[in-house]
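Here is the structure we will look at.
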Amino acid sequence: MQTLLPNSRIMPPPGAITKQEIKNQLIAHERRFPSKLAQKADWNVIPQSVHSKNTVNPVRKIADACAVSPNPDKRVIRLHLGDPSVGGKLPPSEVAVQAMKESVDSHCYDGYGPAVGALAARQAIVDRYSTPSSAFTADDVVLASGCSHALQMAIEAVANPGDSILVPHPGFPLYSTLCRPHNIVDKPYKINMTGEEVRIDFSYMATVIDENTKAIIINNPGNPTGGVFTKEHLEEILAFAEKYKLIVIADEIYGDLVFNGATFYPLASLSPKVPVITCDGIAKRWMVPGWRLGWIIIHNRFGVLSEVKKGIVALSQKIVGPCALVQGALPKILKETPEEYFVYTRNVIEENANTVANILESAPGIRVVKPKGAMYMMVAVSKSAFGSDVNFCQNLIKEESVFCLPGQAFSAPGYFRLVLTSSTEEMEEAAVRISEFCLRHFNQSTDSEDSSDEGLDLSAIDSD
């Protein structure tokens, strides 16, 4: 063993590399191979991603166009927001509120749950909605953060870039918003609002199908039309889907919120049997859109949706399930909300619809599409008398302080939509103001039947 003397240094063995030599080699290496990430002197603005740039909701654009000042001498009446909680006429049921309190106080739902949703919540959906004609199990249910999120998962699980999905015109614009960022083509089909019943134009729908078409979105009861498809027409829809082997994405968020003699039939309960993905939630019938609880029911006929189901489960993992507190409350909400609550909400909306329709019936230059479901009414306007539907709504705000949404927001130029969830007194006052506005502006020499091409905006086909 080597003995070290005081202040002596250990000499490196022969051939060893010294620290200085290592440093010199690193410097030489950096000079020969400079770093690809050069130091930047300043921060640069990061551009918006293509995905986010393509995520556009046309309602926002139309609403901005109607951002005009109301008449300061008249109280504002807002009939443009599809939020039933606004105004206080349609509060949530006491059962739902109590269920939420119990969920919070129990502290059983403070943590994460399964991405597809808690089993008790999914079983509650089975208990309420599964029937012999459309039976399903909790394994066929995936919870979502509202019906919109359910639709998003369904669309993303079904279609690839370049595929197409048929969407209703007039219709809820979110369908297109959910498709386009993924380069999924939203092909419009035509809903006819000129007759006593709203109907799909099947002859036109057949012309827009190609080998890349994967699904049809059916919204019943309809937003913005307020229409409810008859049982016979729903069976025609299913026969069409069976003929062309298209799955159906059924947006049934308004469900049995029907009136004026209409009956709601869940699409999956009817024949012929085709693969159906039902999207639903508690937002509109329980009047709690802010609670953000929806669901998907996968009716996997013929095994067609087996892989799609795996995709929906995978997509649910992005948010690890919706709010656990609402999931905890869901079994009580679905089981114990009394039927009287739903009767009350239907009666309020029916009375409002009929009150407004009766007042506007005699107003010149407009035509009411009398609703039978959901919470909306569409009204056709004479372009020659009032200009475009955007012009109509802008001037209605300026003069009467009544806010409605132009039909262009729903691919229905020549119409405007009003929401029927305010008090009957407020609805009556709004209808009187609209009628007086029409009387002031209508030119008797014009044709009052020149609204739109039955609600279909064909420009969407040409612009893509």
Open item on the list: Take the conditions open to solvent by less than 20 Å² (accessible area, probe 1.4 Å), within 29 Å of Y376 (Cα to Cα) and within 21 Å of the chain's Cα centre (by Cα) and apply them to W286. Does it pass?
Closed with: yes
Filtering region 345-361 down to residues that are over 15 Å from S435 (Cβ atoms), in contact with a strand residue (DSSP E or B) (Cβ under 8 Å, 6 or more places away or on another chain) and open to solvent by 10 Å² or more (accessible area, probe 1.4 Å) yields R346
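If you take the residues in region 1-59 that are of a type in the set (K, R) and modelled with pLDDT of 75 or more, which one is most open to solvent (accessible area, probe 1.4 Å)? Outline the logic, then answer.
Keep residues of region 1-59 that are of a type in the set (K, R), which gives 9, 19, 23, 31-32, 36, 40, 53.
This time we only want the ones that are modelled with pLDDT of 75 or more, so: 19, 23, 40, 53.
Working: K19: 177, K23: 117, K40: 154, K53: 137 Å².
Across region 1-59, the extreme among qualifying residues is K19.
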For D450, the lone unmet condition from (1) in contact with a helix residue (DSSP H, G or I) (Cβ under 8 Å, 6 or more places away or on another chain); (2) modelled with pLDDT of 50 or more is (2)
Those residues of region 190-212 which are of a type in the set (D, E, K, R) and open to solvent by less than 40 Å² (accessible area, probe 1.4 Å) amount to K190
Just to be sure, is L178 more than 29 Å from K231 (Cβ to Cβ) and not small (G, A, S)? no
Given the conditions (1) open to solvent by less than 10 Å² (accessible area, probe 1.4 Å); (2) under 30 Å from E340 (Cβ atoms); (3) out of contact with any Phe, Trp or Tyr (no Cβ under 6 Å at 6 or more places or on another chain), every one holds for A215 apart from (2)
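May I ask you to list the residues in region 67-98 that are over 30 Å from T337 (Cβ atoms) and surrounded by fewer than 18 Cβ atoms within 10 Å (Cβ to Cβ)? Can you show your working first?
Restricting attention to region 67-98, the residues satisfying the condition of being over 30 Å from T337 (Cβ atoms) are 67-76.
Within region 67-98, A67, V68, S69, N71, P72, D73, K74, R75, V76 qualify.
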Listed by first then second residue, the pairs whose first member lies in region 263-288 and is within 17 Å of V308 (Cβ to Cβ), whose partner is outside any loop (DSSP other than H, G, I, E, B) and among the hydroxyl-bearing types (S, T, Y), with beta carbons under 7 Å and at least 6 positions apart or on separate chains, are A268/S134; A268/T278
When region 289-327 is checked residue by residue, the ones that are open to solvent by 50 Å² or more (accessible area, probe 1.4 Å), within 22 Å of D110 (Cβ to Cβ) and of a type in the set (V, I, T) are I319, V320
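The values are calculated or read from the model by the stated rules, or taken from the named source; none is laboratory data. Quantities reported herein were computed from a predicted structural model and do not represent experimental measurements. In this analysis, Cβ positions are derived from the backbone assuming ideal geometry, glycine residues included, and neighbour counts consider all displayed protein chains. When the accessible area is computed, the model is the full protein with side chains, heavy atoms only, and any ligands, DNA or RNA have been set aside. Shrake-Rupley method; radii C 1.70, N 1.55, O 1.52, S 1.80 Å.
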